[in-house]
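The values are calculated or read from the model by the stated rules, or taken from the named source; none is laboratory data. Quick caveat, the model's predicted, so the values are computed rather than measured. Here the Cβ is made from the backbone with ideal geometry for all residues, glycine too, and neighbour counts use every protein chain on show. The area values use the complete protein model at the heavy-atom level, side chains included, leaving out ligands, DNA and RNA. Shrake-Rupley method; radii C 1.70, N 1.55, O 1.52, S 1.80 Å.
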Amino acid sequence: MAEALAFYTLSILILGLGVAVITTPKTVHSVVFLVLNFLCVAALYVVLQAEFLAVIQILVYAGGIVVLYLFVVMLVNLKRQPEEHQDPRRLAKVGLVLSGAVLVELAAIVVYSYGREPSSVSAPSPAFPVQGNIEELGWLLYTDYLIPFEVASVLLLVAMVGAIILARREL
Amino acid sequence: MLDTLVIPLLKIVVLLNAILISVTFMVLMERKVIAWAQSRLGPMRVGPYGVLQAIVDPIKLILKEDITPVKADKMLFSLAPILSLVPALVAFAVVPFGGDELFYVADINVGLLFFLSVTSIGVYGIILAGWASNSKYPLLASLRASAQLISYEIAVTMTLVSVILTSGTLSMVGIVEAQLADGVWYGFIQPVAFVLVMIGALAETNRVPFDLPEAETELTGGFHTEYSGMRFSLFFLAEYANIIVISAVTALLFFGGWLRPFPNVEALAFLDIIPGWIWLFGKIFLFLYLFMWIRATLPRYRYDQLMRIGWKLLIPIALANIVVTGIVKVLV
Amino acid sequence: MLEITTAHYTILSAALFSIGVIGVLVRRNIIIIFMAIELMLNAVNINLVAHAEQLQNLIGQVFVVFVIAVAAAEAAVGLGILLAFYRNKETVNIDEMNVMRW
């Protein structure tokens, strides 16, 4: 009961704010809706008992990435709205149709797979020597997934260096 | 029903009222402390020694006219004060005022990370306030603020990693209990981390000497120049609530929270007659005084100095501290 | 209706993903397009976490950590390119970004 209430409230908020993000004419408003959307997704992670991811979602997405977006929106001081310029060769209608097709395809997959037995390929995780969501996640990241974890850190370093070089004035 | 809904709600109501009342008295305390530091008397007119100033000030702010600039972005202009106050209050949810379940709203296993992530949301209030005012000084202030807050947030988060390494837990109650088990306040085994967190806290709460986002003499008041009346006081509330919560967290992490001094020395056991929450309140009060003392003493940094301290001093030291803590942790 | 299964989360995720797709295909402001991509990444994350919960297996959550790391890298580089482009052409309209060099 409590889970249902939380799920439906959060779903309505997530979808509503998602629509608001892509329809609002002002870019700054879009960014604000995006933050609120990410906070709702974080709350959904708490419902799914992934509290570490919920906190990381707020810390990295809402507290980091979206601040970056807001910063860029403020730097990019637009004299004219980008939507005013229309390329005559642009096919927005086709874009809408194509996104409709994606929606139909996703719906078909969900309907098709709903009610089937989940394939038993993936077994529950083996017993951990530690207890608790963060401890178990940390254990996985530093044992089985150590190499991807390190690769991700190298990726972040590369992205950081790349972003600094791109943002310098003399390119 | 009683345990899951009524009691937590009661705790939240009590906590929120306590915060709001203590903020009004904190403003008075700050005025008095700074006045004494400058050989003045401070507010003296209302009540004995100006004590009732704490009640008169909020009434004045509520009665003031609330102005919205014509060219402001109405939605964001109203949203910004809320976005800066709410995270400051939510952060109190994971602050325990004692070891007993009665003294905290929630003890979650990601408590410290929750605190960090919630306070990182507070930057939106400042950025959006500056942007929505549609005025040049607030915009400059908010651009400064966003760069400052993000830089120092990285430094503080990295510093706290070494504290987490020492305690082995992210739960706030767990960290204090780890200090009891180790028999020492973490301020003594992580002195570098303590200093870094204090500097970071000054910058995160926009206090002197890092008060560039609201530097009156440069920016006519900073990001809240266009705000008046109750909305302005929401920013004020947020700033002071942030100072209280960051003082409380520093006391919990480095000064043993509700533990008495030297919790491992049996000879001092008679100090246990003072309840834990009084110890904690005393420590918080000391930190609040430290904040005011610094404000009365230090001049403001220049913006480039501020960024240099953040990126070239605090972050490398924090990284080195993590490495040293890790090595010590493995060896011992 | 009152019992929430993984299928519910999958439908939510599919709907959010579609919103992201619509944003990418219809809007012309590249900042909005970036944000729509973030929405799609979040939709995928919801799906992964929901299935991690269903299978009682934490690998899904491990992947979400990587997705968040990649999203952070993508945002940093993408916005860097955007700023470099804006400095030269004073526009963020994706229709005007039709030359490989200038």
| query | Given charges of +1 on the Cβ of Lys and Arg and -1 on the Cβ of Asp and Glu, with all other atoms neutral, how large is the dipole of the protein assembly as shown about its Cα centre, in debye to the nearest 20? | reply | 2140
| For chain B: relative contact order, % (alpha-carbon pairs under 8 angstrom, 6 or more apart) | 22
| query | Using a Cα distance threshold of under 22 Å, what count of lysine pairs results for chain B when pairs must be 8 or more residues apart or interchain? | reply | 6
| message | When 1/r is averaged over all different Cα pairs and the result inverted, which Kirkwood radius in Å belongs to the range A:1-78? | response | 13.2
| Given chain B reduced to its alpha-carbon atoms as identical point scatterers, what log10 I(q)/I(0) does the Debye formula return at q = 0.08, 0.10, 0.11, 0.16 Å⁻¹? | -0.39, -0.62, -0.76, -1.50
| If you take the charge dipole of the protein assembly as shown about its Cα centre, with +1 on Lys and Arg Cβ and -1 on Asp and Glu Cβ, which of B:Leu89, B:Leu212, C:Gly78 is farthest toward its positive end? | B:Leu212
| message | I want to verify a result. In a Gaussian network model of chain B, Cα cutoff 10 Å, which of these has the top mean-square fluctuation: B:Ala178, B:Ala145, B:Ala267? | response | B:Ala267
| said: Modelling each spin label as a point 7 Å along the Cα-to-Cβ direction, I'd like the B:Thr297/B:Asp107 distance in nm, to one decimal. | reply: 3.6
| Accessible area of the range A:129-171 belonging to carbon and sulfur atoms, whole % at 1.4 Å probe | 71
| Counting alpha carbon pairs within less than 8 Å and at least 6 residues apart, what relative contact order, in whole percent, applies to chain C? | 27
| Whole-angstrom gap from the range C:1-52 to the range B:40-112, using each part's C-alpha centre | 36
| message | If packing is taken as the average number of other Cβ atoms within 10 Å across a peptide's residues, how do C:65-76, A:64-75 rank, most packed first? | response | A:64-75, C:65-76
| Rg in Å to one decimal, and Dmax rounded to a whole Å, for the range B:1-156 via C-alpha atoms | 19.2, 56
| said: For a Förster distance of 60 Å, can you work out the FRET efficiency between the beta-carbons of B:Asn264 and B:Ile62, rounded to the nearest 0.05? | reply: 0.75
| task | Principal axes first, then extents: for the Cα atoms of the protein assembly as shown, list largest minus smallest coordinate on each axis, whole Å, largest first. | result | 75, 60, 50
| note | Computed, not fitted: 222 nm per-residue ellipticity of the protein assembly as shown from DSSP H runs ≥ 4 (each -39500 (n - 2.57)), nearest 500, equal to -22500 deg cm²/dmol
| task | Please label the shape of the range C:5-83 as rounded, prolate or oblate, based on the square roots a ≥ b ≥ c of the eigenvalues of the alpha-carbon gyration tensor (a/c under 1.5 means rounded; beyond that, a/b larger than b/c means prolate, else oblate). | result | oblate
| task | For A:Ala4, put the label point 7 Å out on the Cα→Cβ axis and report which residues of the range C:1-35 keep their amide N under 14 Å from it. | result | C:1-5, C:8
| message | Just to be sure I understand the rule: take each whole DSSP H helix in chain B, project its Cα atoms onto its long axis, keep it if the span is 27 Å or more and its mean Kyte-Doolittle hydropathy is at least 0.0. Which ones pass? | response | B:7-37, B:136-167, B:229-254, B:276-297
| said: Cut-off 10 angstrom, C-alpha nodes, Gaussian network model of chain C. Which of C:Val77, C:Val92, C:Val49 fluctuates the most? | reply: C:Val77
| query | Between the helical axis of C:6-26 and the dominant principal axis of chain C, each derived from Cα atoms, what acute angle in degrees is found, rounded to the nearest 10? | reply | 10
| request: Taking every Cα atom in the range B:209-332, find the radius of gyration and the maximum pairwise distance Dmax, and write them in Å. | output: 19.5, 58
| remark: With label points set 7 Å from each Cα along the Cα-to-Cβ direction at A:Leu96 and A:Trp139, the distance between them in nm comes to 5.3
| task | Compute the length gained on full extension between B:Glu218 and B:Asp100: take 0.36 nm times their separation in residues and subtract their Cα-Cα distance, giving the result in nm to one decimal. | result | 37.7 nm
| remark: Log10 I(q)/I(0) at q = 0.13, 0.23, 0.26 Å⁻¹ for the range B:1-63, from Debye over equal alpha-carbon scatterers, is -0.49, -0.92, -1.05
| said: Under a Cβ-only charge scheme (Lys and Arg +1, Asp and Glu -1), can you give me the dipole magnitude of the range C:6-91 about the Cα centre, in debye to the nearest 20? | reply: 320
| request: Report, in whole Å, the centroid distance computed from the Cα atoms of the range B:244-296 and the range A:1-67. | output: 37
| query | If you line up the long axis of helix C:30-55 against the longest principal axis of chain C, both from Cα atoms, how many degrees apart are they, to the nearest 10? | reply | 20
| field | the range A:1-78: relative contact order as a whole-number percent, Cα under 8 Å and 6+ apart | value | 28
